[in-house]
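Single-structure report; data block below.
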Amino acid sequence: QLNIEGLSRSKCEVLSKEFRIHKIDILALQETHIPEPNPYRMKIHGFHMIACRYHAKYGIATYIQDNLAMEAEEIMQADNSQFTITVRVGKLTIINVYKPPLETWATIALPTANHPAIYIGNFNSHHHMWDYQKADRASEQLEDWALASNVHLVFPGTFFSACWQKEYSLDLCFTTSDSKGWPLNCSWKILKNFSHSQHRPSILHMGIEVPIVNSVPKPRCNFWKASWPTFMNIVEETIQRIPPSPNNYSRFVQLLEVAATKSIPHGYRTEYMPCWSKESERLLAEYNITQDLETATALLDSLDEDRLARWREITENLDFSHSSRKPWNLLCWLGAASQTTYEAPKVSANAVAANLLVNSKILTTTESKRRVKKKPTIQMDRTVGRM
């Protein structure tokens, strides 16, 4: 999603390259500033335009990847108070919204969509809920609609004011909630500043998202899965053939290494999902087949329950009586431990080196240079003469 502040051929090329890297499926643009159909200015490589509202000053457009174009359809038309484009892709409804700054919302700000649905765009409404100091009439109408429609707000700062040098949230995202009151799973990522626009591109990931931890590629021994009887048998069978002499220490170490290799798993996991179980694997396989939202919700609920149980087990077993290493590591992971802060030096190393270089260039005469060169020689001659 992006308020592009004028769509041009060069911006289309940048969008195509940027969103191809991030693997974007659907693209919602606001303020295209195109009064009439213009395929040259509106062509984005790799995307198909589903619908567009033409306007010389405002205008919006919704795009979808070429391989998903057959699954998308426009299901509503925009009204007179603001520009909206409603598109359904599979079971998900996407409403691209743009309200001109000087206009107000209608009695009902936006139409109600069935779950799952997402409202995204530039709402041009100021409210303290999205980092504005004062609320205007449009934001109050939008808040009333959000409460009545039971939608969830997602609002990182996506607008950087060049005048005030501050981030605001003109670009908002509302997601619908299910029958249990849980909002649609949505993660929001803000990219860097876009060329010739004060708005920043925002990427939304909708649906199920399981966190994956990338492990450090450093092999370690997994003592929890070690076969200690096997280790003991290997050591006891071979150690009798090693004479108890200091010269045989290397043979003893080699014996332990061989026993550990055969009885203790050694390696590392490239990816790790905390609290992932066989039940989670079954639910994920079922979701991949049926694409049922209730199955996805059950998968996330099972992960949350397992993590809560793990958390309770860890906190209840905290013991400082024998060793404080594990509790201290837990506090460090939680961020509760006081971290040492390092301030960057005000004077850089290059500045110090430049100052030394300037001060080392002393203006002197030829006679003084000759005297300095001869002084160590004279002093050494005197020292040798005394010896």
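Suppose the filter is under 30 Å from S177 (Cα atoms), part of a helix (DSSP H, G or I), modelled with pLDDT of 85 or more and not aliphatic (A, V, I, L, M); does R251 pass it? Judged against the criteria, R251 is not a match. If only residues of the range 93-112 that are surrounded by fewer than 21 Cβ atoms within 10 Å (Cβ to Cβ) and of a type in the set (A, V, I, L, M) are counted, the one that is modelled with the highest pLDDT is L102.
Within the range 273-302, being touching a Pro at 6+ places or on another chain (Cβ under 8 Å) and either part of a helix (DSSP H, G or I) or buried (at least 16 other Cβ atoms within 10 Å of the Cβ) (or both) holds for one residue alone: L293. Residues to consider are E13, E31, E74; find the one that is of a type in the set (D, E), closer than 22 Å to S195 by Cβ and surrounded by fewer than 20 Cβ atoms within 10 Å (Cβ to Cβ). None of the other options fit; the residue is E13. Within the range 94-128, restricting attention to residues that are closer than 23 Å to Y54 by Cβ and of a type in the set (V, I, T), the residue that is nearest to the chain's Cα centre (by Cα) is I120.
If only residues of the range 322-367 that are assigned to a loop (DSSP other than H, G, I, E, B) and closer than 30 Å to R312 by Cβ are counted, the one that is modelled with the highest pLDDT is S324.
Among residues of the range 254-272 being at pLDDT 85 or above and part of a loop (DSSP other than H, G, I, E, B), the one that is surrounded by the fewest Cβ atoms within 10 Å (Cβ to Cβ) is P265.
Taking the stated definitions as given, is V216 under 30 Å from W188 (Cβ atoms), at pLDDT below 90, of a type outside the set (S, T, N, Q) and surrounded by 10 or more Cβ atoms within 10 Å (Cβ to Cβ)?
On the way: under 30 Å from W188 (Cβ atoms): yes; at pLDDT below 90: yes; of a type outside the set (S, T, N, Q): yes; surrounded by 10 or more Cβ atoms within 10 Å (Cβ to Cβ): no.
Here the answer is no, as V216 does not meet what is asked.
Checking Y132, Y63 one by one, the residue that is assigned by TED's automatic domain parsing to the domain that holds L147, at pLDDT below 85 and at negative phi is Y132 and no other. Just one of the listed residues (A260, A309) is in contact with a strand residue (DSSP E or B) (Cβ under 9 Å, 6 or more places away or on another chain) and without any contact (Cβ under 8 Å) to a residue 40 or more places away in the chain, namely A260.
The values are calculated or read from the model by the stated rules, or taken from the named source; none is laboratory data. Note that the coordinates shown come from a computational prediction; the quantities given were computed from them, not determined experimentally. Glycine gets a Cβ as well: all are built from the backbone with ideal geometry, and neighbour counts include every protein chain shown.
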